[in-house]
Amino acid sequence: MLDGISNSIISSNSERLLGEVSPAPDKSISHRALMIASVAEGESNIHNLLEGEDVLQTYYALTSMGVRIERLEDKTWKVYGNGIGSLLPPRDVLDMGNAGTGARLLIGMVSSYPFVSVFTGDGSLRKRPMERVITPLERSGAVFMASEGDCLPLSVRGATVPIPFDYIMPVDSAQVKSSILLAGLNIRGVTTVVERNVTRDHTEKMLQGFGATVSSSSADDGCGTKISVHGMSGMQGKNFSIPGDFSSASFLIAAALICRDSNILITDVGVNPTRIGLYTTLIEMGANLSMENLKYVAGEPMADIRVRYSPDMRGVIVPSSRAALMIDEYPILSVVAAFSQGDTVMHGVGELRSKESDRIATISNGLRACGVPVTEQEDIMTVHGGDNCGVQGGVTISSAMDHRVAMSFLCLGLGAHKEVEVTETEVINTSYPCFISDIVQLGGNLIAKRGSV
C-alpha cells in the first residue's frame with residue numbers, strides 16, 4: 001500500500017478544516033497518458049502521474065504488451081513509445097484489478113490488433129458489464145468471448161484487418177467514446193463516435209496534443225457531437241504534467257463545506273468543463289466556493305479552489321443532462337445534500353447502479369442508517385436534507401469495496417453528531433492513496449481502528 005490505509009477507519013465530528021492541500025493526480029488523465037504515450041513515437045515524460053492501484057494496473061498491462069516504462073527517481077514516468085501498431089501480444093492474462101476505466105479503454109485499444117488478449121479483474125470489476133464497449137468494437141471485426149452478463153473474464157481477438165466504423169452511443173459514456181477512439185488509432189480510415197450530451201473530453205485533448213488527427217463537429221441529425229479519429233496518423237512523444245483530480249478534490253470540498261468554520265485552498269485542480277458538474281451544482285446550492293489562479297497545462301485548465309464552511313446550503317434539482325459531467329461525484333453530492341435544507345433530486349443517475357458497487361443502493365442505505373431519508377428510484381435519487389440534527393452517525397458502514405463510497409462516508413462522519421466507522425477502506429488506494437493523510441493534515445478526525453493511518 002502506498003499510504004498505510006487500514007481496513008477500518010473511524011470518522012468523527014471535526015471543526016475548522018484549515019490549510020492548503022493538493023489532491024491526488026487525475027486518475028482519468030493518468031490512464032490515458034500511459035496508453036497514448038505507449039503508441040506515440042519516441043519518449044514521453046509524465047510528471048505527477050497518479051500512483052494508485054488502478055493506474056498501476058494499466059502500467060502492468062502495457063508492460064505485458066512490450067511497452068518499456070520506467071519510474072525515475074523524481075517520480076517522473078518515462079514511456080518509450082514505438083508508434084501506432086507497436087503493441088505485442090500480452091505475455092499473460094491482463095488483470096486490471098478494480099480499474100474499470102483502464103479495462104474498458106485497453107479493451108478498445110487492443111481490439112484493432114491481430115492477437116488475442118484476455119482481461120480479468122477483482123470481484124467488483126468482474127461484475128461490471130462490458131457490453132457497452134463490446135457492441136461498438138465488434139463493428140471493427142474484433143471477436144469477443146465474455147463471461148455471463150458480458151462481464152470479465154473476457155477475451156478479445158483483434159481484427160486482422162480492422163474496419164473503420166461509425167457509432168452513435170445510446171448512453172453517454174466517456175469510457176465508451178475513448179475505447180472507440182483508441183481502437184481507431186490503429187484502423188486505416190476514419191472512425192467516428194457520436195455523443196448526444198457532452199462527456200469528459202480528456203482523450204480527444206490528449207490525442208490532439210500528441211499529434212493525432214482528431215476532429216469534432218455537430219452530429220448529422222443536429223443532436224449531439226460527432227468525434228472522429230483518423231487512423232494511422234503519427235503521434236510524437238511529449239513531456240507534460242497531470243493536473244489534480246477534480247473527483248478526488250470533491251471529497252476535500254465536501255468536508256470543508258460541512259465542517260464548521262472551515263477555510264481551505266485546494267491547489268492545482270483540473271477544472272476541465274466536462275468534469276466540474278459538481279462545482280456547478282454546489283454553487284447552485286449556495287456553497288461558498290471560488291476558483292483562483294486559472295491556468296492551462298497541456299491543454300487542460302487548472303485552478304486553485306477556495307472552500308469555506310457553508311451552513312446555509314439548500315437542495316436543488318440536478319438535471320439528467322449534467323450526469324455525464326459528474327457521474328463519479330453523486331456519492332459525495334449525496335453527503336453534502338444530507339447537510340443541506342430541503343430535497344436534492346438527482347436525475348439520470350441509473351449509471352451508478354453498474355459502478356464499483358450499486359452506488360445508489362449503497363449510498364441510500366448508508367444515509368438512512370445515519371438518519372437521513374432517501375427516496376430511491378431506478379434513475380432518480382432524492383436526498384431529503386434537513387438541519388445537522390438529521391445526520392446522526394453512530395453506525396458502521398461497509399464501503400462495498402467501492403473507493404468513492406468509502407471516502408464519502410468518511411467525509412460524512414466529519415460533520416455527523418456521532419462517529420461513523422467505515423470498513424474495507426483499503427480500497428481507497430485505488431484512486432486516492434493520500435486521502436487520509438490529506439484530511440488529517442487539514443484537521444479532520446480520522447482514526448484507524450486497526451493499523452496506522
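Before moving on, here are some points about what is shown:
- Test: residue in segment 43-53 that is assigned by TED's automatic domain parsing to the domain that holds M206, assigned to a strand (DSSP E or B), touching a Lys or Arg at 6+ places or on another chain (Cβ under 6 Å) and closer than 21 Å to S178 by Cα: yes
- Within this structure, E419 fails the test of being assigned by TED's automatic domain parsing to the domain that holds D261 and within 24 Å of the chain's Cα centre (by Cα).
- When segment 121-174 is limited to residues that are within 19 Å of T58 (Cβ to Cβ) and among the polar types (S, T, N, Q), the one that is modelled with the highest pLDDT turns out to be S155.
- So S64, is it buried (at least 21 other Cβ atoms within 10 Å of the Cβ), modelled with pLDDT of 95 or more and more than 20 Å from the chain's Cα centre (by Cα): no
- Candidates in segment 203-221 are the residues that are surrounded by fewer than 23 Cβ atoms within 10 Å (Cβ to Cβ) and farther than 16 Å from M232 by Cα; of these, the one that is nearest to the chain's Cα centre (by Cα) is K205.
- Candidate set from segment 383-408 (those that are of a type outside the set (V, I, T) and closer than 20 Å to F246 by Cβ); member that is surrounded by the fewest Cβ atoms within 10 Å (Cβ to Cβ): D402
- V79 passes every criterion in (1) assigned to a helix (DSSP H, G or I); (2) surrounded by 23 or more Cβ atoms within 10 Å (Cβ to Cβ) apart from (1).
- A324 meets each of the listed conditions (1) touching an Asp or Glu at 6+ places or on another chain (Cβ under 7 Å); (2) surrounded by 15 or more Cβ atoms within 10 Å (Cβ to Cβ); (3) in a strand (DSSP E or B) apart from (3).
- Residue within segment 184-205 that is out of contact with any Ser or Thr (no Cβ under 9 Å at 6 or more places or on another chain) and either modelled with pLDDT under 95 or within 21 Å of M326 (Cα to Cα) (or both) present: yes
- Selection status of M285, aliphatic (A, V, I, L, M), over 22 Å from the mean Cα position of the chain (by Cα), more than 20 Å from V171 (Cβ to Cβ) and assigned by TED's automatic domain parsing to the domain that holds V391: yes
- Here is the figure for segment 232-274: residues that are among the hydroxyl-bearing types (S, T, Y), farther than 18 Å from G52 by Cα and assigned by TED's automatic domain parsing to the domain that holds M326 total 3.
- If you check L105, L152 for being part of a helix (DSSP H, G or I), of a type in the set (A, V, I, L, M) and assigned by TED's automatic domain parsing to the domain that holds S86, only one passes: L105.
- Check on V405, aliphatic (A, V, I, L, M) and under 27 Å from K127 (Cα atoms): yes
- Lone qualifier among G97, G83 - being in the same structural domain as I163 (by TED's automatic domain parsing) and over 25 Å from the mean Cα position of the chain (by Cα): G83
- Residue selected from segment 392-404 under the condition among the hydrophobic types (A, V, I, L, M, F, W, C) and at pLDDT below 95, by the criterion farthest from N365 (Cα to Cα): M401
- Pairing residues of segment 304-315 that are assigned by TED's automatic domain parsing to the domain that holds E284 and of a type in the set (D, E) with residues that are outside any loop (DSSP other than H, G, I, E, B) and surrounded by fewer than 15 Cβ atoms within 10 Å (Cβ to Cβ), at Cβ distances under 8 Å and at least 6 apart in sequence or on separate chains, gives D304/E292; D304/N293.
- Annotation: I266 fulfils all but one of (1) within 29 Å of G108 (Cα to Cα); (2) of a type in the set (V, I, T); (3) crowded, with 24+ Cβ neighbours inside 10 Å; the unmet one is (1).
- Among strands (runs of 3 or more DSSP E) entirely within segment 207-281, having at least 2 residues that are in contact (Cβ under 8 Å) with a residue 24 or more places away in the chain, of a type outside the set (D, E) and in contact with a Phe, Trp or Tyr (Cβ under 8 Å, 6 or more places away or on another chain) singles out 263-270.
- Those residues of segment 307-347 which are basic (K, R) and either within 30 Å of E204 (Cβ to Cβ) or modelled with pLDDT under 95 (or both), in sequence order: R322
- Enumeration of residues in segment 329-358 that are surrounded by fewer than 22 Cβ atoms within 10 Å (Cβ to Cβ) and of a type in the set (D, E): D343, E351, D358
- Listed by first and then second residue, the pairs with beta-carbon distance under 6 Å, at least 6 apart or on different chains, first residue in segment 325-350 and farther than 15 Å from L282 by Cβ, second aromatic (F, W, Y), are V349/Y330.
- Counting only residues that are in contact (Cβ under 8 Å) with a residue 40 or more places away in the chain, β-branched (V, I, T) and surrounded by 20 or more Cβ atoms within 10 Å (Cβ to Cβ), segment 138-197 holds 6 of them.
The values are calculated or read from the model by the stated rules, or taken from the named source; none is laboratory data. Owing to the predicted nature of the structure, the values given are computational and were not obtained by experimental measurement. Don't worry about glycine lacking a Cβ; one is built from the backbone with ideal geometry, like all the others, and counts go over all protein chains shown.
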